[in-house]
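What follows draws every value from the coordinates through simple rules; no lab data is involved. The structure presented is a predicted model; accordingly, all values stated were derived computationally and were not measured. Counting neighbours? That spans all protein chains shown, and the Cβs are built from the backbone with ideal geometry, glycine included.
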Amino acid sequence: MAKEKYAIDFVDIKGKRTVWNQASYKEHAKRHPELNASYYPTKIKDAKNDPVVIMKSYTDKDCLCYYYFEFALNNKPRYTKLVVDTSDPRKHKIRTSFTINKIQELKYSKPIWTKPGYETKK
């Protein structure tokens, strides 16, 4: 069996290996062109290691959504969103990542974790 190739492969601050299959990464980059930027892998690591909010996915019970605050312009926040499948105890698999201006899951539930001092707004 051929060894799977990863576009993203790192160990997070909790010691959990986090990966994104190369084929899936390329497919997602077609819909989210920001993934093609040379700095984007760093944003993915930042989202996993230093999120402001972690939410349960409202579409997949095995996924968590990590939101990394980038900046605010005219009082509108900008986040890197990282969706991670946590069902495999050996490694977390990234499903998608993109830039967004709101925390979508707040419409359906409360955060499972919020960075101390950070206020979430619907």
(request) Search the stretch 66-84 for residues being in contact with a Pro (Cβ under 9 Å, 6 or more places away or on another chain) and under 21 Å from Gly15 (Cβ atoms), and hand back the single one that is surrounded by the fewest Cβ atoms within 10 Å (Cβ to Cβ). (result) Tyr68
(message) Considering only residues that are within 16 Å of Thr86 (Cβ to Cβ) and in contact (Cβ under 8 Å) with a residue 12 or more places away in the chain, which ones fall in the stretch 4-20?
(response) Ile8, Phe10, Asp12, Ile13, Lys16, Arg17, Thr18, Val19, Trp20
(request) Specify which of the listed residues (Ser57, Ser87, Ser38, Ser97) is exposed (fewer than 14 other Cβ atoms within 10 Å of the Cβ) and in contact (Cβ under 8 Å) with a residue 24 or more places away in the chain. (result) Ser87
(message) Being over 16 Å from the mean Cα position of the chain (by Cα) and not in a helix (DSSP H, G or I): is that true of Pro111 here?
(response) no
(request) Kindly indicate whether any position in the stretch 14-27 is in contact with a Ser or Thr (Cβ under 9 Å, 6 or more places away or on another chain), surrounded by 15 or more Cβ atoms within 10 Å (Cβ to Cβ) and under 23 Å from Pro111 (Cβ atoms). (result) yes
(request) From (1) within 15 Å of the chain's Cα centre (by Cα); (2) closer than 21 Å to Glu4 by Cα, pick out the condition that doesn't hold for Met55. (result) (2)
(request) Would you check if there is a residue in the stretch 19-42 being assigned to a loop (DSSP other than H, G, I, E, B) and among the aromatic types (Phe, Trp, Tyr)? (result) yes
(request) Kindly provide the set of residues from the stretch 102-112 that are loosely packed, with under 12 Cβ neighbours inside 10 Å and within 28 Å of Ser24 (Cβ to Cβ), ordered by number. (result) Lys107, Tyr108, Ser109
